[in-house]
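Read the structure below first, then the notes.
Every read-out reported here was derived from the displayed coordinates using simple, explicitly stated rules and does not represent laboratory data. All of these numbers come straight from a predicted model, not from anything done at the bench. Note: ideal-geometry Cβ built from the backbone for every residue, glycine included; neighbour counts use all protein chains shown.
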Amino acid sequence: MARGGAADGPAILARELSKRYPGPTPEDPGTLAVDRLTFEVRRGEIFGLLGPNGAGKTTTILMLLGLTEPTSGEARVLGHDPAREPLAVKRRVGYLPDSVGFYDDLTAEENLLYTADLNGIAADEAARRARERLREVGLEYARHTRVGAFSRGMRQRLGVADALLKDPEVLILDEPTLGIDPEGVRDMLALIRELAGRRGLAVLVSSHLLHQVQEICDRVGIFVGGRLVAAGRVEELAARLFGGEPVEVEVRLCRADERARDAIAKLPFVRDVRPGDDPRTLRATCEARAPGAGGEPDEPGARLARALVEAGFDIVGLSVRGRGLDDIYHRYFEGAEPGREARGSLAGRARSLDAGRPRDGAADEAAAGPVGAFVGRLRRLLPGKGGDGR
Ligand SMILES: Nc1ncnc2c1ncn2[C@@H]1O[C@H](COP(=O)(O)OP(=O)(O)OP(=O)(O)O)[C@@H](O)[C@H]1O
Ligand SMILES: [Mg+2]
């Protein structure tokens, strides 16, 4: 279904996008939170914007949503410029902010109905969608539960339901797994993958959990100190970042004796071989690529395995280290400048697409008036389902 707005182009596009937050005085250069960021997210793709605290992930997302203006560069979401057409973007993009705010005194369903109302969705359609979304995110059982009684993971799920309410074409999730326990993280990621696949959404997910989140991403961008240091499919990235560097291959044999050690040492792509951590393993430092004659694999691990088997050794296990995600992680995440920890006013983060809707810490309480009116209407529509969750 063509809904207009560059139907064939990428769903999200950033070109040389930059954001400098001003400092407290005119002399202060402020904070360059995002520095010439270029990337795109295609339709039907999950893209992970992965980086440590203060990398500029939230700032990027706020620019894509038209909630903060870029200092320079260009952004397009479904063909719209978010700075000029924020409402067009809002209509077609579901957003899970980094801290989801709901009305604690309202039930899960009532909160969704309120969002639907803000989005101008007619009451009967809103009721249908609210139930369906709650089912989709696995919260049907908590439909009439007061959100104040929700766990962190339940809130995040409700946040996803909320973001899906308007049937978006693009989903932007800012740290969807924040504060959830490891099992909850896996569930949440599986849910995102499943929803994205079923609905054919373009998904941008930000996280500092490279390990977990990359598993559901078609592509990732490694974002540190406002700069995209690498982007691509995870395997490509590993190859590109560590392509020229030696690889450690650890092989476990039935008998890791001197003969096996010699057989490994004489391979042309092996630099060094030594005993591993236990008596049955040998560890070899190999060239990154092991170019061989006619059709031989150039993966050093594969070549080593083949050579050992051909020489009559039985392999129990084999692992290749040195260019995996662990190394990407150490290189870019743990080595990230600690001085770039998030600092300064967080006011800009607290804004939401849904005006009048409080997010944690947001000073939006003044919106209680229209909310009160809405709740009154809601209670009349839903007799017997008080906002206290009982
Ligand atoms: N409203 C603001 N005013 C001034 N500086 C800000 C503002 N928001 C963010 N910053 C600064 O911009 C940089 C990037 O922050 P941002 O929140 O975008 O990073 P992040 O990657 O989302 O971090 P986190 O993982 O902690 O959520 C940080 O140095 C932060 O202190
Ligand atoms: Mg953030």
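Which FRET efficiency, nearest 0.05, do ALA239 and GLU69 yield, Cβ-Cβ r, R0 25 Å?
Computed FRET efficiency for ALA239 and GLU69 comes out at 0.10.
Between ARG227 and ASP35, the built amide H atoms are under 5 Å apart, and every one of these is 5 or more places off in sequence or on another chain. The slack in the chain from ALA190 to CYS254, taken as 0.36 nm per residue of separation less the alpha-carbon distance, amounts to 19.2 nm. A cut-off of 5 Å between modelled amide H atoms, ignoring neighbours fewer than 5 places along the same chain, links GLY276 with THR281, LEU282, ARG283.
For an R0 of 35 angstrom, estimate the FRET efficiency from the Cβ-Cβ distance between ARG198 and GLU16 and round to the nearest 0.05. Rounded to the nearest 0.05, the efficiency is 0.55. Along the range 34-39 the Karplus relation, 6.51 cos²θ - 1.76 cosθ + 1.60 evaluated at θ = phi - 60°, assigns HN-Hα couplings of 9, 10, 6, 7, 10, 6 Hz to successive residues, with x for each Gly and Pro. When +1 charges are put on Lys and Arg Cβ atoms and -1 charges on Asp and Glu Cβ atoms, the dipole computed for the range 244-322 relative to its Cα centre reaches about 120 debye. Using Cβ point charges alone (K and R +1, D and E -1), the dipole size of the range 50-110 about the Cα centre works out to roughly 400 debye. Pick out, from GLY295, SER319, ILE264, the residue whose Cα sits farthest towards the positive end of the charge dipole of the range 244-322, with +1 on the Cβ of Lys and Arg and -1 on the Cβ of Asp and Glu. My answer, from the dipole projection, is ILE264. Over the range 244-322, the pair-distance histogram of Cα-Cα distances with 10 Å bins from zero comes to 21, 59, 20, 1 percent, rounded to whole numbers. A cut-off of 5 Å between modelled amide H atoms, ignoring neighbours fewer than 5 places along the same chain, links ILE46 with VAL203, ASP218, ARG219.
Multiply the residue separation of ASP278 and ASP105 by 0.36 nm, subtract the distance between their alpha-carbon atoms, and state the gained length in nm to one decimal.
56.4 nm
Scalar couplings 3J(HN,Hα) for the range 245-256, obtained by applying the Karplus form with A = 6.51, B = -1.76, C = 1.60 to θ = phi - 60°, are 8, x, 10, 9, 10, 10, 10, 10, 10, 4, 9, 8 Hz; x denotes Gly and Pro. Counting 0.36 nm for each residue step from ASP8 to ALA302 and taking away their Cα separation leaves a gain of 101.8 nm. Using the Karplus relation 6.51 cos²θ - 1.76 cosθ + 1.60 with θ = phi - 60°, the per-residue 3J(HN,Hα) values for the range 162-169 come to 4, 5, 8, 4, 8, 6, x, 9 Hz, with x marking Gly and Pro.
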